[in-house]
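The values are calculated or read from the model by the stated rules, or taken from the named source; none is laboratory data. No experiment lies behind these values; they were computed from the predicted model shown. Backbone-built Cβ (ideal geometry, glycine too); neighbour counts: all protein chains shown. Heavy atoms of the whole protein, side chains included, go into the accessibility calculation; ligands, DNA and RNA do not. Shrake-Rupley method; radii C 1.70, N 1.55, O 1.52, S 1.80 Å.
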Amino acid sequence: MPKKKAKGEPSLGDLLRVPEGERVDLSAYDSRAKPGAPDGKKAGTEATARMAAVLSDLQERLFAASTGGDRRRLLLVLQGMDTSGKGGTVKHVIGLFNPSGCRIKAFKAPTAEERGHPFLWRIAQALPQPGEIGIFDRSHYEDVLIARVRELAPRPQLGRRYGQINRFEKNLVEDGVTVVKCFLHIGYEEQRRRLLRRLDRPDKQWKFDPSDIAERTRWPAYQEAYELVLERCSTAWAPWYVVPADRKWYRNWAVSTLLKEHLEALDPQYPEAEFDVAACRERLLDGT
């Protein structure tokens with residue numbers, strides 16, 4: 001059974017949040033850690049399954065509230081190295097929600113049209129509408145991650161993007177978007193094991209690209225790029241959460257729990273009926 005949180009005990013968000021302005025050294029973060037977790041994989045998997053009904057109810061209330069004019073919505077941003085489980089997390093999260101109330105976007109390399117616009121333009125096109133839950137598999141942060149590692153933009157331009165991202169996210173929050181940003185933190189050796197498993201399984205080989213091996217040589221550069229993102233873009237209005245991702249069951253439990261905590265904080269309510277409920281009931285009972 002999961003441990004019951006004592007009064008005054010920190011939330012999972014408190015445990016995983018990157019404090020605003022804090023220097024980040026990812027080598028100090030254990031990718032196999034289990035902060036706040038239930039006691040073991042079995043208990044964690046069961047706790048995640050039990051969250052499904054709660055999350056479904058919260059999602060329905062959020063969507064229902066939007067029909068009464070509530071503009072609030074939630075955006076889950078997933079970032080992480082290859083094999084960290086972004087796609088698996090998306091699949092897991094959708095399994096806990098009604099897909100019709102979700103807006104999912106997996107960002108790939110920019111198209112010719114997207115390159116003709118400012119880098120945040122394509123992000124703005126994919127944002128959730130009021131009442132929806134949006135999920136980004138990769139995001140606007142690619143423009144300060146891969147763009148930095150592969151030197152796709154001048155450093156001064158990259159330096160300005162952190163501030164642009166912070167202002168963009170602040171505007172989102174002011175417009176009713178709750179932004180939940182999760183960095184799925186996987187270890188170097190765990191990534192090797194997962195890549196080898198892809199090679200060993202014919203049904204997984206389609207996920208493998210030989211360039212993944214060369215990309216691993218850039219691991220230190222990616223870690224530095226992520227450290228800068230976490231330092232410069234974990235804000236009071238849109239903090240980053242470092243989710244240890246070596247254990248898939250913990251990753252799924254942690255992201256689900258973070259969503260639950262944020263949705264419970266929103267506490268969406270069903271809108272009051274704008275018609276005479278009693279009169280409608282009477283008409284139906286009278287056989288109308």
Out of 208, 242, 285 - ranked by how far each Cα lies towards the positive end of the dipole of the chain, with unit charges on the beta-carbon of charged residues - the top one is 208
At 7 Å along Cα-to-Cβ for each site, give me the label-to-label distance between residue 30 and residue 188 in nm.
1.9
Given points 7 Å out from each Cα along the Cα-Cβ axis, report the residue 14 to residue 237 separation in nanometres with one decimal.
2.5
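Using only helices, what value at 222 nm comes out for the chain when you add -39,500 (n - 2.57) per DSSP H run of length 4 or more and divide by the total residues, to the nearest 500 deg cm²/dmol?
-14500 deg cm²/dmol
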So if I place +1 on the C-beta of Lys and Arg and -1 on the C-beta of Asp and Glu, and nothing else carries charge, what would the dipole magnitude of the chain be about its Cα centre? I want it in debye, nearest 20.
1060
Cβ-based charge dipole, the chain, positive-most Cα from 269, 166, 156:
156
Accessible-area composition of region 159-288, carbon plus sulfur, in percent [1.4 Å probe]
52
Longer than 18 Å from Cα to Cα, which of 41/86; 41/260; 34/248 are they? Say none if no pair is.
41/86; 41/260
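Packing-wise, with mean Cβ within 10 Å as the measure, how do 249-260, 11-22, 53-64 rank, highest first?
Numbers: 249-260: 23.8, 11-22: 15.9, 53-64: 17.5.
Output ranking for 249-260, 11-22, 53-64: 249-260, 53-64, 11-22.
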How big is region 1-91 by Rg and Dmax over its Cα atoms, in Å?
16.6, 47
Cross-link reach from residue 105 to aspartates and glutamates, straight Cα distance under 19 Å and at least 8 residues apart if same chain, gives 82, 113, 114, 132, 137, 142, 143, 169
Accessible surface of region 23-89, 1.4 Å probe, proportion on carbon and sulfur as whole %
52
The farthest towards the positive end of the charge dipole of the chain, of the residues 228, 139, 191, given +1 on Cβ of Lys and Arg and -1 on Cβ of Asp and Glu, is 191
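Suppose R0 equals 45 Å. What FRET efficiency, 1/(1 + (r/R0)^6) with r the Cβ-Cβ distance, do residue 175 and residue 285 give to the nearest 0.05? Don't jump to the answer; show the numbers that get you there.
Numbers: r = 44 Å, r/R0 = 0.97.
Once the sixth-power term is evaluated, E becomes 0.55.
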Based on the alpha-carbon gyration tensor of region 96-212 and its eigenvalue square roots a ≥ b ≥ c, which shape applies: rounded if a/c is under 1.5, prolate if not and a/b is larger than b/c, or oblate?
oblate
Angle between the Cα long axis of helix 219-233 and the longest principal axis of the chain, 0 to 90 degrees, nearest 10?
40
Computed FRET value (nearest 0.05) for residue 209 with residue 71, which takes r as the C-beta separation and R₀ as 51 Å:
0.80
Could you work out the relative contact order of region 54-148? I mean the mean sequence separation of Cα pairs under 8 Å and 6+ apart, divided by the number of residues, in percent.
46
Subtracting the Cα-Cα distance from 0.36 nm times the residue separation, let me have the gained length for residue 108 to residue 64 in nm, one decimal.
12.6 nm
In whole Hz, the Karplus estimates of ³J(HN,Hα) for region 11-21 (6.51, -1.76, 1.60; θ = phi - 60°; x where Gly or Pro) are 6, 5, x, 4, 6, 9, 5, 8, x, 4, x
Relative contact order in percent for region 80-230 (Cα pairs under 8 Å, 6+ apart) equals 29
Counting sequence-distant residues (5 or more places) and residues on other chains, those with an amide H built under 5 Å from that of residue 179 are 75
FRET efficiency for residue 155 and residue 94, using Cβ-Cβ distance with R0 set to 35 Å, rounded to 0.05
0.40
Give the carbon-plus-sulfur fraction of the accessible surface of region 110-154 in %, rounded to a whole number; probe 1.4 Å, heavy atoms of protein chains only.
50
With a 1.4 Å probe and every protein chain left in place, work out the accessible area per residue of the chain in Å², rounded to a whole number.
53
What nm distance separates the two modelled labels at residue 124 and residue 166, each placed 7 Å from Cα along Cα→Cβ?
2.1
Below 8 Å between Cα atoms, with a sequence gap of 6+, how large is the relative contact order for the chain in percent?
34
